[in-house]
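For reference, the structure is listed below as structure tokens.
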Amino acid sequence: MNKKKIYSSWFLAPSMIVFSVFFLLPMVLSLFFSMTVWNFNGFEFCGFDNFIMFFKEDSLRIGIRNSLLYAVLTCVLKLVLAFFIALFLTSKIKTKTIQRSIVFFPNLVSTVAVGITFSALMHPSKGLLNKCLEFIGLNGVDWLGNTKIALFSVIATDVWKGLSIATIIFIAGIQSIDKTYYEAAMMDGANFWQRLKAITIPLSRSSMNSIILLSFIGGLRSFDLIWSMTGGGPGFATDVMASIIYKQYAAGYYGLSTAGNVIMFVIIAVIAFPLQRFLLSKEVD
Amino acid sequence: MKKKKSIKYIIGDIVGLMTCFFVFIVPFIFMLVNALKDRREANRLSLALPEMPQWQNFVEVFKTGDYQILTAFKNSIILTAFSVLGLVVFSAMAGYVIQRRKDRTTKIVNTLVMAGLMIPAAILPTIWVMQTVHLYKTMPGMILVEIALQTPFTIMLYRGFMSTIPIELEEAAYIDGCTPFSVFRKIIFPLLKPVTATVVILDAVTIFNDFTNPLYFFPGKENLTVQVTLYNFMGQFSSSYNMLFADVLIITVPMLVIFLIFNQKIVDGMVAGSVKG
């Protein structure tokens, strides 16, 4: 029997219809609407004005810089920390099951709830974090109120929450490595770091790639944590692309908001797609 | 030599558990003790135990805004249940065909789906589309948007799992005269059970905890979801942390229950999914 008949295209229809109407169509429309001044009732064509505005205004341009910084830093921190945690949790320690569950836990708490809790922990005068610093004789820091630090505080919180997924992907990767490699290496007298460099890192490459892509793209798109912790402030210090898109929408500048969306597509197309290519080409089978 | 090793692991256990405790458990204890304090005490934001546990905080939270949190729970549960149902049925069918049939159509579909994994939603045009089909600010509209946004990830999981199911079963069924749809329904779908469990848990947690999409696509006084209520509470109760944390706990409990029941399944399922993905 022919394959087209058995695996009928009708099976694809429901998901593709929903996906096309509510995801692909809006994406294509955004290319057009980003070049207009519009609301839901009408539009007026204005060429590239929205994009020019985006790059000219400091309060808008900062979003691009912050989003990139956010994506790169969360990605690198999660990758490095999760790797060592996963290494630790796949070793012969006894309490690894319970520790794995604890590490996974933040994943279930909603981002808004995490935002609320950490804003309280980072409170400048009463927060637990500063109390601890005072206890060991250091000066407290205004974690979310200082324009130079606020973004990094949010990044640290994001890492706290996102570490679990990265760790689990790494655990899966490390567990699937054939144990005989290690036995052979031990036989040849390779020490811990040599085994790490020659076996664990190259053979958990595909997990590493998933984590890099997931957290990089997640970082570029991040909105709810920033919105619930700082609302983009103080000033515009923690505004990222997604929060600017929301602010412009709330202020009624639909064209600018849509242009922000298109810039996000372009950044992802320019960075993430080649990154994926590059990472896949490096993968060893 | 052997003894030295085992001491090293015990130290590892202790250090690991202590780090876990300070990094992951303390914030949770912090929420819990402050949810049980009275207003003045909670606003000190300390880790101290409450002088007198104030259980009525939880009642208070439910009463706020004319029991709006109940409406929010109802909405969130309906949204999560129907979205997950739609995702399981639609994506299982699509993942099945994409993995089994390799021709131009399925290649294009596959590329679109993979691109959808990376690209964020174009928000305002989505609202425009929803308004055009009269689904903006309605539950069915919100459900369809959640389905559309989670489709790439869900199809990816199903497609990955399909490759572990032998094709001979289907061929035998066709020779016996089954129709394509009954083959899927009676043979394939039951075999997809493990990955369906993963999909249900992961998509349910994501959609229940989703804040951004309801904020954009489901505004309005009647259309609250739990995460949006939590966000509104933040403004309303900015000076009474006890209420804020009581609300946080009420909203986190359903996920916590799921976690305690499916603890090992979630972690194993994610491990399996990410290996095959």
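Computed from the coordinates by the stated procedures, all read-outs in this text should not be read as laboratory data. In this text the structure is predicted, and so the values were computed from the model without any measurement. FYI the Cβ positions are ideal-geometry reconstructions off the backbone, even for glycines, and counts take in every protein chain you see.
Both radii were evaluated on the Cα set of segment B:68-185; the Rg over Rh quotient, with Rh as the Kirkwood radius, amounts to 1.07.
Taking 28 Å as the cut-off for C-alpha to C-alpha distance, list the pairs among A:LYS78/B:LYS137; A:LYS94/A:LYS131; A:LYS96/A:LYS131; A:LYS126/B:LYS221; A:LYS282/B:LYS102; B:LYS63/B:LYS137 that go past it.
A:LYS78/B:LYS137; A:LYS94/A:LYS131; A:LYS96/A:LYS131; A:LYS126/B:LYS221
Take the Cα of A:MET186, step 7 Å toward its Cβ, do the same at B:ARG39, and the gap between the two points is 6.3 nm. Residues A:TYR249, B:TYR96, B:TYR231, ranked from the fewest to the most other C-beta atoms within 10 Å, line up as A:TYR249, B:TYR231, B:TYR96. Between B:VAL257 and B:LYS8, the distance separating the two model label sites (each 7 Å from Cα on the Cα→Cβ line) works out to 4.6 nm. Taking the square roots of 5 times each eigenvalue of the Cα gyration tensor of chain A, largest first, gives ellipsoid semi-axes of 38, 31, 17 Å. Based on C-alpha pairs under 8 angstrom that are at least 6 apart in sequence, chain B has a relative contact order of 31 percent.
Mean per-residue shielding of peptide B:91-104 is 4, counting Cβ atoms of other chains within 10 Å of each Cβ.
Per-residue Cβ neighbour counts within 10 Å put A:LYS92, B:LYS8 in the sequence A:LYS92, B:LYS8, beginning with the fewest. Using the Cα coordinates of the protein assembly as shown, the gyration tensor eigenvalues translate into equivalent-ellipsoid semi-axes of 36, 34, 25 Å, sorted from longest to shortest.
Each label point was placed 7 Å from the Cα along the Cα-to-Cβ direction; for A:LEU279 and A:PHE88 their separation is 2.4 nm.
Which residues does the label zone of B:TRP55 cover in segment B:15-33, counting backbone N under 20 Å from a point 7 Å along Cα→Cβ? Counting backbone N atoms under 20 Å from the label point, the list is B:31-33. Within the listed set B:PHE28, B:PHE218, B:PHE153, the Gaussian network model of chain B (springs between alpha-carbon atoms below 10 Å) gives the highest mean-square fluctuation for B:PHE28.
Coordinate range of the alpha-carbon atoms in chain B per principal axis, descending: 73, 72, 31 Å. Here the sum of -39500 (n - 2.57) over DSSP H runs of 4 or more residues, divided by the residues of chain B, equals -25000 deg cm²/dmol at 222 nm, to the nearest 500.
Taking other Cβ atoms within 10 Å as a rough exposure proxy, A:VAL76, B:VAL33 sort from fewest to most as A:VAL76, B:VAL33.
With q set to 0.11, 0.23 Å⁻¹, the log10 of I(q)/I(0) for segment A:22-137, from the Debye formula over equal scatterers at the Cα positions, is -0.76, -1.26. If I fit a long axis through the Cα atoms of helix B:226-236 and take the longest principal axis of the Cα atoms of chain B, what angle between them do I get, 0 to 90°, rounded to 10? It is inclined by approximately 30 degrees. For segment B:139-153, 3J(HN,Hα) computed residue by residue from phi via the Karplus equation (6.51, -1.76, 1.60; θ = phi - 60°) reads 5, x, x, 4, 4, 4, 5, 4, 4, 4, 6, 8, 3, x, 4 Hz, glycine and proline entered as x. When shorter helices are ignored and each DSSP H run of at least 4 residues is given -39500 (n - 2.57), the per-residue value for chain A at 222 nm works out to -20000 deg cm²/dmol. Cross-link partners for A:LYS148 among the aspartates and glutamates, with Cα-Cα distance under 17 Å and sequence neighbours closer than 8 places in the same chain left out: A:ASP58, A:ASP239.
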